[in-house]
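Dropping a structure here in structure tokens format, bear with me for questions.
The values are calculated or read from the model by the stated rules, or taken from the named source; none is laboratory data. These numbers were taken from a predicted model, which means no experiment stands behind them. Quick reminder, even Gly has a Cβ in these numbers, built from the backbone with ideal geometry, and neighbours come from all protein chains shown. SASA here: full protein model, heavy atoms, side chains in, ligands and nucleic acids out. Shrake-Rupley method; radii C 1.70, N 1.55, O 1.52, S 1.80 Å.
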Amino acid sequence: MTHYQGSVPTSKRRADWRDQAACGGQDTELYFSALSEETAKNVCRGCPVIEECLQFALDEGIPYGVFGGLDENERADIKTMSVRWKLTAKETTRRLRYARQPKEPRTMRWLFELNTIAVFGDHLTWTGAVKPKFRGRAYTPAQLAFIVGRGRSPEGAVRRTCGSPDCVRPEHLSDNAERNSMAPETDAA
């Protein structure tokens, strides 16, 4: 009869994706400290197994730390968004790519692309906050889309020209200046 001696078996785990991870051999505290979060994410961005790491964290429900280039809040946001909006795997991957980008600089175009999805026909719909903020200022999704498409702030109200009530495709929007320039001229005789 063999008795437990209080030691852990010396068997090695099977080789898997973790053996190729860029973080292998690094201090794991780096991945669980808010002070070094951006440093950890920089290591992740160059990792050949970033997708496997993220999937591991999602499958295991790991509530803390940086895995797959995302912190716990970013992982929860992506998971919630993909369920709520029934995103395809391709769309989820696109959003993950943006979520992994360094926090600065973020642009209006980045904000627009992250928060829109293609819908029926040639339309885009907004999936983000009702009043998205950029550099401390709140915009309507239509205002933000107009600025992204035209490179200038709208004059007056932004209206849809396509008839789709939720569309934010920049080409389907107009402001007062554009509507006035397209209005038929009347003879004053």
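Hey, can you tell me all the residues within segment 1-38 that are modelled with pLDDT of 80 or more, among the charged types (D, E, K, R) and not in a helix (DSSP H, G or I)?
Arg14, Asp16
Identify the residue in segment 80-106 that is outside any helix (DSSP H, G or I) and at pLDDT 80 or above and, among all such residues, is nearest to the chain's Cα centre (by Cα).
The extreme case among them is Arg100.
Out of Gln101, Gln143, I need the residue that is open to solvent by 40 Å² or more (accessible area, probe 1.4 Å) and under 27 Å from Asn42 (Cα atoms). Which one?
Gln101
Something else about it: So which residues in segment 146-171 are part of a loop (DSSP other than H, G, I, E, B), within 13 Å of Met108 (Cβ to Cβ) and open to solvent by 50 Å² or more (accessible area, probe 1.4 Å), if there are any at all?
Gly151, Arg152, Ser153
Hey, another quick one. Kindly establish whether Thr116 is touching a residue at least 12 places away in the same chain (Cβ under 8 Å), under 26 Å from Gly163 (Cα atoms) and open to solvent by less than 70 Å² (accessible area, probe 1.4 Å).
Answer is yes for this residue.
Of the residues in segment 58-76, how many are touching a helix residue (DSSP H, G or I) at 6+ places or on another chain (Cβ under 8 Å), surrounded by 12 or more Cβ atoms within 10 Å (Cβ to Cβ) and within 18 Å of Glu38 (Cα to Cα)? Even if it seems obvious, please write down each step before you answer.
Here is the first cut: in segment 58-76, the ones touching a helix residue (DSSP H, G or I) at 6+ places or on another chain (Cβ under 8 Å) are 58, 62-71, 74-75.
Filter once more, so that each one left must be surrounded by 12 or more Cβ atoms within 10 Å (Cβ to Cβ): 58, 62, 65-71, 74-75.
Of the ones still in play, those that are also within 18 Å of Glu38 (Cα to Cα) are 65-71, 74-75.
Selection size over segment 58-76: 9.
Follow-up question, since we're still on this one. Looking only at segment 119-140, how many residues end up being farther than 22 Å from Thr88 by Cα and surrounded by fewer than 18 Cβ atoms within 10 Å (Cβ to Cβ)?
9
Would you check which residues across segment 39-79 are part of a helix (DSSP H, G or I), among the small types (Gly, Ala, Ser) and either modelled with pLDDT of 90 or more or in contact with a strand residue (DSSP E or B) (Cβ under 7 Å, 6 or more places away or on another chain) (or both) and list them?
Ala57, the sole residue that qualifies.
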